Amino acid sequence: MSERTIPILDHRYASTVPRVPANQKAPVGLLADRLGRPLHDLRISITDRCNFRCTYCMPKDVFSAHYEFLRHAELLRFEEIDRLARIFVNLGVRKLRITGGEPLLRRGVEDLVAMLAKIRTPGGSPVELTMTTNGSILARKAQALAQAGLSRITVSLDALDDAVFRRMNDMDFPVRAVLDGIDAAQAAGLRPVKVNMVVQRGVNDDQILPMVDHFRSKGVVLRFIEFMDVGNTNHWRMDQVLPSSEVLARIAARHPMHALDPSVQGETAERWMLDDGSLEIGAISSVTHAFCRDCNRARLSMEGKLYLCLFATHGHDLRALLRGDAAQGIVAVSDENLAAAVAQVWGVREDRYSELRGTPAAEALRGERRVEMSYIGG
Ligand code: SAM
Ligand code: SF4
Ligand code: SF4
């Protein structure tokens, strides 16, 4: 089967159907891409819809009433996600993260969690199963998610001040509901809850210290993320990026703290602990300190396209191989063929956008249509 471009079906982002290598054997051992990076982490985006319009992610001028979201039939069914996740785990993935859009909006998400929680590595161990959510309906869902087998959860929260939070989600959504969601997740045993704050200079940087004060002694890990130039629509400007070094300096000026060792290889966050042990802090410096050389993450979109980088302009259409596509002359393939196709795609990966940011190669990509964060998840 040869690689082919699908120009009409994919009205959003360019993609190709991966080639199933001729005479393929099921891949053995761990995969490594062209830069020697393993495939360890799969982020699965299950919907492109969201009930927020965070100004840095789904600005209302683009994600308006006229925006064409995917139809339900275009989304991978839970059985298809489960099948692909099993294939990825056999290829070395040890962490699955459910994301979106807002993943809790997908009906029956607990059933998907229950399916994925049953997956075992070839050695028989469970895989880490987590989710990133805006927390808006977590208070009602936390118990069911924990019962279904979710290991942990990350909640995005950009401000404690209600007015700032309402302005940033741009749906006038109150902060109280997200704080209740965090409490419910902890009560349900989803520990530690990680809270992610995207920091934008001049927008919510005055919230850094209130967030630290609020989450001390609550058993939460608080992580600060630099505002990134993902996609083409979020009006990113370098002068709105508050470098993590500055975030940490502001906290350290108030609270003495010390660095912690990375918990796992490929960890995106630098970790710190307040000296009194009351709060672990993470800093994710995606812009000022690129971590591409350890990037072991692949991303699967809700319609079954595989992306090798947050800044990708091109996806690999696994749904076409899963379902087959008569119009394109593509037949549905076996798990072994899918695994071989994924292994081949990963084997030639050389993405490292953040390391190249600002160079002519990366600037050329900026002119192309790149995936949006709400499509590919964080
Ligand atoms: N809706 C869920 C949520 O907000 O947690 C999951 C999807 S959201 C796209 C995943 C993460 O990406 C969130 O933590 C969000 O804050 C982050 N994010 C979105 N756009 C970003 C940007 N331009 N720079 C940095 N982080 C961003
Ligand atoms: Fe929705 Fe999450 Fe994007 Fe905010 S960051 S608009 S909650 S997908
Ligand atoms: Fe990974 Fe791409 Fe981000 Fe680099 S820019 S860390 S390769 S997702």
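The values are calculated or read from the model by the stated rules, or taken from the named source; none is laboratory data. No experiment lies behind these values; they were computed from the predicted model shown. Don't worry about glycine lacking a Cβ; one is built from the backbone with ideal geometry, like all the others, and counts go over all protein chains shown.
Pick out the one residue from Ala159, Ala146, Ala139 that is away from ligand 2 (no atom under 13 Å from the Cβ) and either closer than 30 Å to Ser64 by Cα or buried (at least 23 other Cβ atoms within 10 Å of the Cβ) (or both).
Exactly one residue qualifies, and that residue is Ala139.
Mind listing whichever residues of the range 189-202 are at pLDDT 95 or above and either crowded, with 23+ Cβ neighbours inside 10 Å or within 23 Å of the chain's Cα centre (by Cα) (or both)?
Filtering the range 189-202 for residues at pLDDT 95 or above gives 189-190, 193-202.
If the condition is that a residue be at pLDDT 95 or above and either crowded, with 23+ Cβ neighbours inside 10 Å or within 23 Å of the chain's Cα centre (by Cα) (or both), then Gly189, Leu190, Val193, Lys194, Val195, Asn196, Met197, Val198, Val199, Gln200, Arg201 are the ones that fit.
Within the range 332-345, can one find any residue that is within 16 Å of ligand 3 (Cβ to nearest atom), part of a helix (DSSP H, G or I) and either buried (at least 21 other Cβ atoms within 10 Å of the Cβ) or over 18 Å from the mean Cα position of the chain (by Cα) (or both)?
yes
Is it the case, given these coordinates, that Ser278 is assigned to a loop (DSSP other than H, G, I, E, B), touching a residue at least 60 places away in the same chain (Cβ under 8 Å) and in contact with a strand residue (DSSP E or B) (Cβ under 9 Å, 6 or more places away or on another chain)?
Here the answer is no, as Ser278 does not meet what is asked.
Any idea which of Leu279, Leu300, Leu306 is more than 18 Å from Asp229 (Cβ to Cβ) and within 16 Å of ligand 1 (Cβ to nearest atom)?
Criteria check complete, one pass: Leu300.
The rows are residues; the columns are (1) farther than 19 Å from Pro103 by Cβ; (2) assigned to a strand (DSSP E or B); (3) without any contact (Cβ under 8 Å) to a residue 40 or more places away in the chain.
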{"residue": "Leu129", "(1), (2), (3)": "no, yes, yes"}
{"residue": "Val155", "(1), (2), (3)": "no, yes, no"}
{"residue": "Ala159", "(1), (2), (3)": "yes, no, no"}
{"residue": "Ala163", "(1), (2), (3)": "yes, no, yes"}
{"residue": "Ala184", "(1), (2), (3)": "no, no, no"}
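Under the condition of being touching a residue at least 40 places away in the same chain (Cβ under 8 Å), of a type outside the set (A, V, I, L, M, F, W, C) and not in a helix (DSSP H, G or I), which residue from the range 134-153 is nearest to Ser45 (Cα to Cα)?
The extreme case among them is Asn134.
Quick check, is Leu260 over 18 Å from the mean Cα position of the chain (by Cα) and either among the hydrophobic types (A, V, I, L, M, F, W, C) or farther than 26 Å from Glu355 by Cα (or both)?
Numbers: over 18 Å from the mean Cα position of the chain (by Cα): yes; either among the hydrophobic types (A, V, I, L, M, F, W, C) or farther than 26 Å from Glu355 by Cα (or both): yes.
In short, yes.
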